[in-house]
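Some notes on the structure that comes next.
The values are calculated or read from the model by the stated rules, or taken from the named source; none is laboratory data. This one's a predicted model, so the numbers in the text were calculated from it and none came from an experiment. Here Cβ is always computed from backbone atoms with ideal geometry, including for glycine, and neighbour counts include all displayed protein chains. Side chains included, ligands, DNA and RNA excluded: accessible areas come from the protein's heavy atoms. Shrake-Rupley method; radii C 1.70, N 1.55, O 1.52, S 1.80 Å.
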Amino acid sequence: MGSAAAVLAVGALVLSVTITPGQGTVLGGLGVLVGAGVAFYTGRSGRVSRERIERANSARAERELEQQQRHFDEQQRVDAVERAADRRAETTRDLRGRFTVAAAQLADPSPAIRLAGVYSLIALADDWTTHDNTTERDVCVALLLSYLRAPQTDPEPDDDDALPHLHVRETIVRQVAKRTQLPTDKPRSWRSVEGVSFARCDLRRLDLRGAQLDGFDFTFALMHEVKLTDATLTGSTLVGAKLADAVLFRASLRRANLRRARCSGARFNGADLTEARASSADFTGASFSTAVLTKAKLGGANFANASFVGTTMLGAFLRRAKNLDYALLDEVQYDDETVWPADFTPPPPFDPDDE
């Protein structure tokens, strides 16, 4: 505005001056200059105005574009959430459908179909873990364990059809034990599954040779004639377990709890029961050795009120066994290789040939 006023003032001054001869040319030139200035200013003001309008329009367009982009992004996010929810719902329906099928297989009379159900439940438990649903995974594991606790209608062991039925239970025990002892950072680990226990399970006549069963709970489990040769049960709880005629050659039972266990006729040849607790356990007719090379290591075991009637201890090592004074030792077979605690007076050795 200041420039325009100046130009107009100059124009007014020119018009107010009395023109004398010779000044017309000068004033004409000044008029041309004034006109040019007015035209320049008018053009410049128009450009500035147009640029201001264009910038305003551009800013408005950018705001509208940003708003549209935010709306689009939000809609994309909502759609993604809905799609993910739909996928989860579909996956959940699929996995639960698989559970229904596997549970039905586990109840089938055919051992082959039951075994398929076992592996289906194991795979299903892994898939639930992948989907971060440990509750549903635990349900799968609980169903496998409930199978071991349910009354069994398997054929008798002398029946040719018995082995396939036993194999189903053996598979469950081995798979549960293996996965439960995997580190928690492994994708197939069941270490975090709560309540995993073989307590009161029916494990009779199972072949679990070499199985890794450290720290498991076998309280009151039925384990008649179970084969546990070279198995490890370190720190396991076998309180009241029924191990009649079980085979535990070279098994590790270090720090195991065998209180009140029924082990009549069981064979512990070469087994390691260091620091095991076996108070009130029944070892009637059990064997802790068959030769000097298969010494049973019983150092530190607690045998208060345990029964060793008719037990074989040839070459057994009991140097640090505790409370043998309170155990019932009658008709015990042992030899010069048998090592008793230093302050313990063993009963007279029993020779079955003298009968």
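Glu225 to Asp108: extension gain in nm, 0.36 nm per residue of separation minus the Cα-Cα distance? Each step should come with its number before you reach the end.
On the way: separation 117, 0.36 × 117 = 42.12 nm, distance 2.56 nm.
That pair, Glu225 and Asp108, stretches by 39.6 nm at full extension.
With a Förster radius of 22 Å, plug the Cβ-Cβ distance of Val81 and Asp126 into 1/(1 + (r/R0)^6) and report the FRET value to the nearest 0.05.
Numbers: r = 26 Å, r/R0 = 1.20.
With a Förster radius of 22 Å, E is 0.25.
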Highest-first arrangement of 223-236, 259-272, 190-203, 324-337, where packing means the average Cβ count within 10 Å: 259-272, 223-236, 190-203, 324-337
Whole-percent carbon and sulfur share, accessible surface of the stretch 200-355, 1.4 Å: 45 percent
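Need the full-extension length gain, Phe344 to Ala56, defined as separation in residues times 0.36 nm minus the C-alpha distance. One decimal, nm.
Values: separation 288, 0.36 × 288 = 103.68 nm, distance 10.56 nm.
Going from the current span to full extension adds 93.1 nm.
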Additional length obtainable on full extension of the chain from Glu337 to Thr135, 0.36 nm per residue less Cα span: 67.3 nm
Cα gyration tensor category, rounded, prolate or oblate, for the stretch 226-355 with a/c compared to 1.5: rounded
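What is the count of Lys pairs in the stretch 169-298 whose alpha carbons sit under 25 Å apart, if the two are 8 or more places apart or on different chains? Before the final figure, lay out the partial values.
On the way: Lys178/Lys186; Lys178/Lys227; Lys178/Lys242; Lys227/Lys242; Lys227/Lys295; Lys227/Lys297; Lys242/Lys295; Lys242/Lys297.
Lysine pair count for the stretch 169-298: 8.
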